[in-house]
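The values are calculated or read from the model by the stated rules, or taken from the named source; none is laboratory data. Not measured: the values here are computed from a predicted model. Ideal geometry is used to build each Cβ from the backbone, glycine not excepted, and the neighbour counts take in all protein chains shown. Note: areas computed on protein heavy atoms with side chains; ligands, DNA, RNA excluded. Shrake-Rupley method; radii C 1.70, N 1.55, O 1.52, S 1.80 Å.
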Amino acid sequence: MAAKADDAAIIEVDGHAIRVSHPDKLVFPEAAGRSGEGRGLTKRDLVEYYLAVADGALRGAGGRPMVLKRFVKGIDHEAFFQKRVPEHHPDFIDTATFHYARGTSAEEAVVRDAAGLAWVVNLGCLDLNPHPVRAEDLEHPDELRVDLDPMPGVEWSQIVDAAFIAREVLEEHGLTAWPKTSGSRGMHLNVRIEPRWTYPEVRLAAEALAREVANRAPGLATARWWKEERGETVFVDFNQNAKDRTVASAYSVRPLPDARVSTPLDWSEVRTARPEQFTVATVLRRFAERGDPAAGIDDAAGSLDGLLALAEALGPAEKAPRGASRAGDGGSGGAGAAGSDGRRRSSMPLIEVARTETKPEALAALDAWRARHPDAAAALHPADVLVDGMRGASSLWYRVRVNLQHVPEAERPSQEALLADYDPWKGRFPG
């Protein structure tokens, strides 16, 4: 099937010759092999995985502009995000010029077939990150995305309960939810909608859904955007519907050691399924045996009129003070006072521990802080520890904060010099 040339393999896909560089490079050394036997998945294995599940993967990502999230140094290193399609791309890769909310634009890749999937995987893309619009209409999303994001300490059963409540709300407002594992700790519900509403309207509808779920399940789910205010709940992340956001789509391989896959489910299996069950090896067998549980999603496009009416009935949500998102907190929906500079001041006793380039560095800084303040560390609840991946210019960086709400006030450590102070913007702007 493949001929080697200069440490590359040429794979024929629907009449297109796809060059796969370094096909035997081990990407997931600890994962089960494609057959379920042995250990390790190579770059060629990942290309062949996406070709095998192409029908489902294209249902989620096909025909949409996508951000290329490239793991060129392997899963142990941070990916970098490439919005602009490479200049020398094959003619079977379409493009679309996506205009971002901040006023910038980028000519992004649009994958339409299995050959396109193989091409992006060769670039080092493990998961697929499409926008919720079709290339033919870039201003009107045809998908509302519900990201059920658990805080630390939240069990899978709580996520499942939140998913069924969200499904109930959506059905009451004329919409169909299609569940899938996120491939990490959470769950996604994808909702096809008619492409008649703008990004702000879709986000408003998603926010109304999140608020209604939180109203029906207080203590289980929350719509609070400010992370320190959520407690041990499932955050119904409506802000994933903002124009600049992308989410890993169906059948995406996530950068975890077991090569876990974001996998569509039937509602009948949501309560018994677990994210760790779905890896490249198991999803290959599952897809071959039963196909895609989300095969009918494109025939189920609904109207946002019901959720927009709900938004009006709920009234205005609390909004973040102007400038809060630039301060790194992002989004709306939480309480907190604004300072004289317009930035949000949290009502919680937060201290910042570190800013780092990588997650291992962030966790090491957290361990160092715990060792320095053992009594305070012992009083923390799981959701009091906030390790956030923050989007930089082209990659993630990490911020570590601690919420001291459960530490007696007299025993709370004060804000100290950061244990690490990485600047993701250094050298990018004059001065």
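With every protein chain present, what accessible area does ARG59 have (1.4 Å probe, heavy atoms only), rounded to the nearest 10 Å²?
My reading of the accessible area for ARG59 is about 40 Å².
How long is the chain along each principal axis, judged by its Cα atoms, biggest number first, in Å?
Computed over the chain, the largest-to-smallest principal extents equal 69, 49, 48 Å.
What net charge do the residues around VAL111 carry, taking every other residue with its C-beta under 11 Å from that of VAL111, with Lys and Arg at +1 and Asp and Glu at -1?
Numbers: positive: ARG64, ARG112; negative: ASP94, GLU108, ASP113.
Cβ neighbours under 11 Å give a net charge of -1.
Tell me, what is the 1.4 Å probe accessible area of ILE10, in Å² to the nearest 10?
Its accessible surface works out to 60 Å², give or take rounding.
Whole angstrom only: what separates the Cα centroid of segment 237-297 from the Cα centroid of segment 47-109?
With segment 237-297 and segment 47-109 each reduced to a Cα centre, they are spaced 18 Å.
Please arrange GLU207, GLU194, GLU136, GLU318 by accessible surface area, largest first, computed with a 1.4 Å probe and ligands excluded. Could the numbers behind the result be given before it?
On the way: GLU207 10, GLU194 60, GLU136 135, GLU318 100 Å².
Descending order: GLU136, GLU318, GLU194, GLU207.
Compare TRP267, TRP425 by solvent-accessible area with a 1.4 Å probe and give them largest first, with all protein chains kept in place.
Working: TRP267 40, TRP425 105 Å².
Ranking TRP267, TRP425 by accessible area, largest first, yields TRP425, TRP267.
Let me spell out the model: positive unit charges on the Cβ of Lys and Arg, negative unit charges on the Cβ of Asp and Glu, origin at the Cα centre of the chain. What dipole size does that give, in debye rounded to 20? Mind showing how you got there, number by number?
On the way: 54 positive and 65 negative charges, 172 e Å.
With only Lys, Arg, Asp and Glu charged at Cβ, the dipole is about 820 debye.
Any chance you could tell me what percent of the C-alpha pair distances in segment 1-134 go past 18 Å? Mind dumping the intermediate values first?
Working: 4961 of 8911 pairs.
It works out to 56 percent of all Cα pairs.
Hey, which of these cross-link pairs are over 22 Å Cα-Cα: LYS25/LYS83; LYS73/LYS243; LYS69/LYS243; LYS43/LYS243?
LYS25/LYS83; LYS73/LYS243; LYS43/LYS243
Please work out how much accessible surface HIS16 shows to a 1.4 Å probe, ignoring ligands, DNA and RNA, in Å² rounded to 10.
For HIS16, the solvent-accessible surface is approximately 50 Å².
May I ask for the angle, rounded to the nearest 10°, between helix 199-216 and the longest principal axis of the chain, with both axes built from Cα atoms and the value confined to 0 to 90°?
60
Could you give the size of the charge dipole of segment 14-53 about its Cα centre, using +1 on the Cβ of each K and R and -1 on the Cβ of each D and E, expressed in debye and rounded to the nearest 20? Intermediate values should be presented prior to the final figure.
On the way: 6 positive and 6 negative charges, 29 e Å.
In total the dipole reaches around 140 debye.
Roll a 1.4 angstrom probe over the protein heavy atoms and tell me the percent of accessible area of the chain that is carbon or sulfur. Mind dumping the intermediate values first?
Working: 9100 of 18930 Å².
Here it works out to 48 percent.
For LYS227, give me every one of the lysines with a C-alpha distance below 19 angstrom, ignoring sequence neighbours fewer than eight places off in its own chain.
Straight-distance partners of LYS227: LYS319, LYS359.
What are the ³J(HN,Hα) values, in whole Hz, obtained from phi via the Karplus relation 6.51 cos²θ - 1.76 cosθ + 1.60 with θ = phi - 60°, for each residue of segment 279-286 in sequence order, with x given for Gly and Pro?
With the stated coefficients, segment 279-286 comes to 10, 3, 5, 6, 6, 4, 5, 4 Hz.
Pairs of alpha-carbon atoms within less than 8 angstrom and 6+ residues apart define the contacts here; what relative contact order does the chain have, in percent? Don't jump to the answer; show the numbers that get you there.
Values: 892 pairs, mean separation 61.3, N = 431.
That works out to 14 percent.
Positive end of the dipole of the chain, charges at C-beta (+1 Lys, Arg; -1 Asp, Glu), about the Cα centre: which of PRO65, PRO29, LEU363 has its Cα farthest in that direction?
LEU363
Show that you can apply the helix-only estimate: for the chain, add -39,500 (n - 2.57) for every DSSP H stretch of four or more residues, divide by all residues, and state [θ] at 222 nm to the nearest 500.
Working: 9 runs with 103 residues, N = 431.
Computed ellipticity for the chain at 222 nm equals -7500 deg cm²/dmol.
Roughly speaking, what is the stretch gain from LYS426 to HIS16, that is 0.36 nm per residue apart minus the C-alpha to C-alpha distance, in nm to one decimal? Could you put the intermediate results ahead of the total?
On the way: separation 410, 0.36 × 410 = 147.60 nm, distance 4.22 nm.
Going from the current span to full extension adds 143.4 nm.
Grab the eigenvalues of the alpha-carbon gyration tensor for segment 120-197, scale each by 5, take roots, and send me the semi-axes largest first in whole angstrom. Intermediate values should be presented prior to the final figure.
Values: eigenvalues 117, 89, 13 Å².
Three semi-axes, in Å: 24, 21, 8.
Could the peptides 101-107, 368-374, 279-285, 25-31 be put in order, highest first, of the mean number of other beta-carbon atoms found within 10 Å of their residues? Intermediate results must be reported in sequence, preceding the final value.
Values: 101-107: 11.3, 368-374: 14.4, 279-285: 20.4, 25-31: 18.0.
Result, highest mean first: 279-285, 25-31, 368-374, 101-107.
Rolling a 1.4 Å sphere over the protein heavy atoms, what is the accessible area per residue of segment 91-234, to the nearest Å²? List each step's numbers first, then the result.
Numbers: 4740 Å² over 144 residues.
For segment 91-234, the solvent-accessible area averages 33 Å² per residue.
Relative contact order for segment 87-186 using alpha-carbon pairs under 8 Å, separation at least 6, rounded to a whole percent? Show your work: numbers first, answer last.
On the way: 65 pairs, mean separation 16.4, N = 100.
With pairs under 8 Å counted, the relative contact order is 16 percent.
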